[in-house]
1. Tilt of helix 367-385 relative to the longest C-alpha principal axis of the chain, in degrees (0 to 90, nearest 10)?
2. Quick one: among 330, 36, 219, which has the greatest mean-square fluctuation in a GNM of the chain with alpha-carbon springs under 10 angstrom?
3. Cα gyration tensor of the chain, axes a ≥ b ≥ c as square roots of the eigenvalues: rounded (a/c below 1.5), prolate (a/b > b/c) or oblate?
4. Of the candidates 211, 255, 24, which one comes out as most mobile in a Gaussian network treatment of the chain with C-alpha springs shorter than 10 Å?
5. On the protein heavy atoms, probe 1.4 angstrom, tell me the percent of accessible surface of region 1-41 carried by carbon and sulfur.
6. Hand me the trypsin sites (Lys or Arg not before Pro) from region 162-258 located in a DSSP loop with no more than 13 other Cβ atoms within 10 Å, in residue order please.
7. Could you rank 312, 12 by how accessible they are, 1.4 Å probe, largest area first?
8. Residues with beta-carbon under 11 Å from that of residue 109, excluding residue 109: net charge, scoring Lys, Arg +1 and Asp, Glu -1?
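The values are calculated or read from the model by the stated rules, or taken from the named source; none is laboratory data. Computed from a predicted structure; not experimentally measured. Note that each Cβ is placed from the backbone with ideal geometry, even for glycine, and that neighbours are counted across all protein chains shown. For accessibility, only protein heavy atoms count, side chains too; no ligands or nucleic acids. Shrake-Rupley method; radii C 1.70, N 1.55, O 1.52, S 1.80 Å.
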Amino acid sequence: VPFTRFNHPVDWTVRVLADPAFGLGTATTELASAFPMAIAGTAAGPADQGELDASGTHSVTGQLVDLKGKIAVIVIEAAPAAFYSDAVRQATQLLANAGAVGLLAIYNLPGNMQLMLGACPGTLVCFTLGGEDGSFIRALLERAAAGGTMNTLKAELRVTRQPATALQARVLMVKIPGREPGENIVVSAHSDAYFEGANDNASGVAALIALAKHYAHGPKPRHDLVFFLSPGHHSTTNGTAALMSFDADLPQHNLVLLNLEHIGQAGVYRSYMKSTTDRYGRRSATYVPTNWDSPGREVTLSPDSVAIRAAWNLAAQRNAFTTPALINGPAIAEPAPFVAAGGTGIQNVETGPWFHTTGDTVAAISPEGMQRAALFYRDFIDNVDRLTRQKVRAITDGSATSMH
Ligand SMILES: [Zn+2]
């Protein structure tokens, strides 16, 4: 599949510059967590937001303050939902309109992780910063304001991007023929990642492989089972759009497309028994993963289907699987092209604090959570396998619906 429009950064530095005005011991400091934001509108950005990038009205008016020639600093609360928020995008456009030349977006996160989030207007140079570098910048601004050296405070932001190139990516499709050919169930997952990507999306790929093995070796399913891996997250390779190039009729005969996305994120808590010292010498409570799942999940389903919701809820109850009380529509991102072509899409996406960060490592995965998820998805597929497309499509209103 074609893979284009990716101006990805290859080299960068963010340095806060030393100045004698700050007194003895002033030294230029390079910020280790600085990571270049994607350029807005290129779909190179946090691909999970790619679908949102392409549509909607983004209008900006007014000028808050004169930021001509300045580097703006914003602080973003790292509640999982904020990662999907348009607020950062709107803020960056507003700052660009006010004349800013650069942006440091501080994400209030533990440690000093690099993160790939947000989107930056082409006229700005934008970086995200992890928690500790963010605290350093905030302390610096406070000290400079108190000491009257605000105008002396300077930073240098530099990024080199690779020009957008036409690339090719490979997708993988596996079909397990059912006892009654004609209708199908699709299981998909994106196979690429930012940083280590243990949860996003090695977890989804692992479950997909386990399910494919299970159905390849076990009793034959009633309906055709199709397993699909695609790279490029959702926007750059158009997610499930490439699936139709193998079999254009799949969506019309589809019972459900299940997208496996971020399924193994461990829940975390902050331990008062175990403290740590950060890079700036502050004592802080350590984040400890649990053997249970992160609660930050969102289930989207479209078109709405009473039969699919029943299959989902039954599997959740039987497997003690964490699922939110609200199922939303429409299906976004990866399943969207397949749904538009006549399929039914469902996904349950977890977005913990490590989403799109260097913290998305295997340490943040719950093995027990992965097992529960795999058993839940197997049970869900078995439940759907008892249905027909007619039953799945019996009641369709497309609105957000409460599960209970
Ligand atoms: Zn993902």
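1. 40 degrees
2. Checking each option, the largest mean-square fluctuation is seen for 219.
3. On the way: a/c = 2.41, a/b = 1.86, b/c = 1.29.
Verdict is prolate for the chain.
4. Result: 24 has the largest fluctuation of those listed.
5. Ligands and nucleic acids excluded, carbon and sulfur reach 58 percent.
6. Numbers: sites: 170, 175, 179, 213, 222; in loops: 170, 179, 222.
Counting only loop positions with at most 13 other Cβ atoms within 10 Å, the trypsin sites (Lys or Arg not before Pro) in region 162-258 are 170, 179.
7. Working: 312 0, 12 65 Å².
Result of the area sort, largest leading: 12, 312.
8. Details: positive: none; negative: 77, 132, 133.
So the environment of residue 109 carries a net charge of -3.
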